[in-house]
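The values are calculated or read from the model by the stated rules, or taken from the named source; none is laboratory data. Everything numeric in this text was worked out from a predicted model, so none of it was measured. Because the Cβ atoms are built from the backbone with ideal geometry, glycine has one as well, and the counts that use them run over all protein chains shown.
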Amino acid sequence: MQYSDRILNTPSSFIRNILKVTDSKDVISFAGGLPNPISFPIDALKASVDHAIGENGSKLFQYSSTQGYAPLREYIAAKYQRVHGLDIQPEDVFITTGSQQALELIGKVLINKGDGIIMEEPGYLGAIQAFTLSEPTFYPVTLENDGLNLEELENALQQKNVKFVYTVPNFQNPTGLTYSKEKREQICEILSKYDVALIEDDPYGELRFQGEPLPYIGAGKLENSILLGSFSKTVTPGMRLGFIITKNKELMQHIETAKQASDLHTNIFSQYVIYDYLANNEYTEHVNKIIALYKEQSDTMLAAMDEFFPAHVTYTKPEGGMFIWATMNNGATALEVFEKAMEQKVAFVPGDPFYTSKTGVNTLRLNYTNATPEVIREGIKRLGSIL
Ligand code: PMP
């Protein structure tokens, strides 16, 4: 069989491949990016399944609208008005099969073969994968401790046919970094001079355990702002519910067409159930529990890194989210260390797949949300002895 260049040039998920090796029971794994299952509100969701079926019957099992379940879109719009002070109306909200699908749809709608995408480097590998299917040219821009490198951003924006800039402004995957207020303002100022869209992919923003929430970079300010959100990290990833927020009506129309072609509409059963859950439970209290859990895990990992890692290893100190990013400054590569770590039964994700071009990198992504404090300490101790 002959396959398309599109698929042949798209990397299969490095992490999913790694997880096949790291999933064994006796391995301490910091490789996954999974929310902690104890954070899933299973009892409340069970009640919502019954309640939503009782109230709406066959509607949960029927085909439904491409844009998504209207009450859920209203809920999301009201929340972005309330929490972020943004003028978001229900028609500006579009429900997707996880925010992952949003990335793919946006690629399909905006990218012709060879068009430019400006990506954070390192950046979310699922976005690299989703966009690669549209055969773009990636222009990587270094992600510094406080956000994108502005000089590189300006240079990348001069390139031909650049369609959008992709960012994860809060507790980024893979680095855990958050853009500073100043950098956000500077980026907004720069982008306002160009005809490009800005994607702010924000699945982690609510999981802040330190510091103050910051305004978005472009939402409410830039004409071509695209905000992505998700219920994966705060309620459950398995129900596959994410959303796109944009006030650009033409863009929304094209996204709707692409979504029809892709899967007609997002799982309507999930949408009814999550809406019922959100309408009848204390969501903020629930999220606060997740925050407290992740804070303890993050604190434990950072303290253990401080105790067991050699001085040549530097690392980020996230204010929220699920990841810490470590950099080795002794010439070692992450892949070499990964092999040795697997012998010692401890795993992480080598930094390589988070770059669009570099290999042999010296960075590691560590996830802290899926182990107890004792296990985190033991795993970091083992990793420290290898490093
Ligand atoms: N964007 C980022 C930055 C992510 O880390 C993830 C999940 N790992 C996603 C999008 C996709 O999330 P979902 O499809 O579950 O909403």
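Looking at the stretch 1-28, which of its residues are in a helix (DSSP H, G or I) and aromatic (F, W, Y)?
To start, the set of residues in the stretch 1-28 that are in a helix (DSSP H, G or I) comprises 5-8, 14-22.
Residue satisfying the conditions is F14 alone.
Which ones in the stretch 103-124 are away from the ligand (no atom under 15 Å from the Cβ) and assigned to a strand (DSSP E or B)?
Initial filter on the stretch 103-124 (away from the ligand (no atom under 15 Å from the Cβ)): 108-116, 118.
Of everything in the stretch 103-124, those that are away from the ligand (no atom under 15 Å from the Cβ) and assigned to a strand (DSSP E or B) turn out to be G116, I118.
Consider L177 carefully, then state whether it is under 24 Å from Q89 (Cα atoms) and within 16 Å of the ligand (Cβ to nearest atom).
On the way: under 24 Å from Q89 (Cα atoms): no; within 16 Å of the ligand (Cβ to nearest atom): yes.
Answer is no for this residue.
Residue under question is A127, and the condition is that it be at pLDDT 95 or above and buried (at least 23 other Cβ atoms within 10 Å of the Cβ); does it hold? Don't jump to the end; show me each part of the working.
Working: at pLDDT 95 or above: yes; buried (at least 23 other Cβ atoms within 10 Å of the Cβ): yes.
So A127 passes the test.
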Inset, instruction - Might you let me know whether the stretch 235-245 holds any residue that is in contact with a Ser or Thr (Cβ under 7 Å, 6 or more places away or on another chain), surrounded by fewer than 22 Cβ atoms within 10 Å (Cβ to Cβ) and in a helix (DSSP H, G or I)? - result: no
Inset, instruction - Examine the stretch 13-35 for a residue that is in the same structural domain as F348 (by TED's automatic domain parsing), in contact (Cβ under 8 Å) with a residue 24 or more places away in the chain and under 24 Å from N280 (Cα atoms), and state whether such a residue exists. - result: yes
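Can you pull out every residue in the stretch 204-228 that is assigned to a strand (DSSP E or B) and closer than 17 Å to S39 by Cβ?
Answer for the stretch 204-228, where residues must be assigned to a strand (DSSP E or B) and closer than 17 Å to S39 by Cβ: just R208.
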Inset, instruction - Scan the stretch 132-155 for residues that are in contact with a helix residue (DSSP H, G or I) (Cβ under 9 Å, 6 or more places away or on another chain), under 18 Å from L198 (Cβ atoms) and assigned to a loop (DSSP other than H, G, I, E, B) and report the count. - result: 3
Legend entry - Candidates E104, E144, E135, E152 - the one that is under 22 Å from P353 (Cα atoms), surrounded by fewer than 20 Cβ atoms within 10 Å (Cβ to Cβ) and touching a residue at least 60 places away in the same chain (Cβ under 8 Å): E135
Inset, instruction - Consider L198 carefully, then state whether it is more than 13 Å from the ligand (Cβ to nearest atom), in contact with a Ser or Thr (Cβ under 7 Å, 6 or more places away or on another chain), among the hydrophobic types (A, V, I, L, M, F, W, C) and not assigned by TED's automatic domain parsing to the domain that holds E319. - result: yes
Inset, instruction - Would you check if A127 is away from the ligand (no atom under 13 Å from the Cβ) and not acidic (D, E)? - result: no
